[in-house]
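A.B. asks: Got a structure here, written out as structure tokens. Questions coming.
We did not get these values from a lab; they are worked out from the coordinates using the rules stated. Note that the coordinates shown come from a computational prediction; the quantities given were computed from them, not determined experimentally. Here the Cβ positions follow ideal geometry from the backbone for every residue, glycine too, while neighbour counts run over all protein chains shown.
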Amino acid sequence: MRSPLRLGILGSGKGSNFRAIADAITAGALHAEVRVVVSDVADAGILAAARERGLRAEYLAPGRFRTKLDPEAEERLVALLRDAGVEWVALAGYMRMVKAPLLDAFPRRIINIHPSLLPKFPGVEAWKQALAAGAAETGCTVHYVDSGMDTGEIIAQSAVPVLPGDSPETLHARIQQAEHALYPSVLRILASVE
């Protein structure tokens, strides 16, 4: 029998995608284990959610930059992930750009979920970008992470219609529902081919 996919999950916020992944593992729908959850925000909900499940949860001080870890922090992150025995890194609402130390340590083994149908609407608050552009459809994308902002090779997407009268909040909520189905399903595929 195949060994479970060993995951490290990085997040900056509430951790709803982490919860969807953890719930899929608990339900037996995803042959994986979360080895560590790491956040650049000391009081992030994702850390509390990991601790509630008895998982290793680590705060990593990001250093002096706002949009990326400083090089020393990223080296500490690589060491932490390796120490935990991580094979794949899943970004789940992680609001920092990933740079060379992490990319080099886990080549083509870092994935992200983004709340749009990339390449449309990269960057922050993609659902607001979709509304402002008058898009009829948006959704979510799981992609490999490279050194650009949401530019890595697309693995899978799920479309979500923009409905008349949608607010940023209602659209975002529907996109998150799609994310919570898509991310575990992509990880299930990766686990089956490992």
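A.B. asks: Look through the range 173-194, keep the residues that are charged (D, E, K, R) and touching a helix residue (DSSP H, G or I) at 6+ places or on another chain (Cβ under 8 Å), and return whichever of them is surrounded by the fewest Cβ atoms within 10 Å (Cβ to Cβ). Step through it out loud before you land on a result.
C.D. replies: Taking the range 173-194 first, the residues charged (D, E, K, R) are 174, 179, 188, 194.
Checking the rest, the ones that are also touching a helix residue (DSSP H, G or I) at 6+ places or on another chain (Cβ under 8 Å) come to 179, 188.
Values: GLU179: 24, ARG188: 15.
Once the filter is applied, the top-ranked residue is ARG188.
A.B. asks: Then there's this: Output the number of residues of the range 127-150 satisfying the condition of being free of Cβ contacts under 8 Å to residues at least 40 places away in the same chain and either buried (at least 22 other Cβ atoms within 10 Å of the Cβ) or in contact with a His (Cβ under 9 Å, 6 or more places away or on another chain) (or both).
C.D. replies: Step one: filter the range 127-150 for residues free of Cβ contacts under 8 Å to residues at least 40 places away in the same chain, giving 129, 132-139, 141, 143-144, 148, 150.
The next check asks that each one be either buried (at least 22 other Cβ atoms within 10 Å of the Cβ) or in contact with a His (Cβ under 9 Å, 6 or more places away or on another chain) (or both); those that pass are 138-139, 141, 143, 150.
Selection size over the range 127-150: 5.
A.B. asks: Right, ARG51: surrounded by 15 or more Cβ atoms within 10 Å (Cβ to Cβ) and not acidic (Asp, Glu) or not? Explain how you work it out, then say what you get.
C.D. replies: On the way: surrounded by 15 or more Cβ atoms within 10 Å (Cβ to Cβ): no; not acidic (Asp, Glu): yes.
It is false that ARG51 is surrounded by 15 or more Cβ atoms within 10 Å (Cβ to Cβ) and not acidic (Asp, Glu).
A.B. asks: Can you go through ARG56, ARG76, ARG35, ARG6 and tell me which one is over 20 Å from VAL145 (Cβ atoms) and basic (Lys, Arg)? Give the derivation first.
C.D. replies: Working: ARG76 fails: over 20 Å from VAL145 (Cβ atoms); ARG35 fails: over 20 Å from VAL145 (Cβ atoms); ARG6 fails: over 20 Å from VAL145 (Cβ atoms).
Residue meeting the stated conditions: ARG56.
A.B. asks: Just need a number here: residues in the range 4-32 that are in contact (Cβ under 8 Å) with a residue 60 or more places away in the chain, farther than 19 Å from ALA178 by Cα and in a loop (DSSP other than H, G, I, E, B).
C.D. replies: Residues that pass the stated criteria total 3.
A.B. asks: Across the range 33-48, what is the number of residues that are part of a loop (DSSP other than H, G, I, E, B) and out of contact with any Phe, Trp or Tyr (no Cβ under 7 Å at 6 or more places or on another chain)?
C.D. replies: Pass one, the range 33-48, residues part of a loop (DSSP other than H, G, I, E, B): 40-44.
With the extra rule that they be out of contact with any Phe, Trp or Tyr (no Cβ under 7 Å at 6 or more places or on another chain), the set shrinks to 40-41, 43-44.
Matching residues across the range 33-48 total 4.
A.B. asks: Taking THR170 as the residue in question, decide whether it is loosely packed, with under 15 Cβ neighbours inside 10 Å and in a loop (DSSP other than H, G, I, E, B). Give the steps one after another, and end with the answer.
C.D. replies: Numbers: loosely packed, with under 15 Cβ neighbours inside 10 Å: yes; in a loop (DSSP other than H, G, I, E, B): no.
For THR170, the condition - loosely packed, with under 15 Cβ neighbours inside 10 Å and in a loop (DSSP other than H, G, I, E, B) - is not met.
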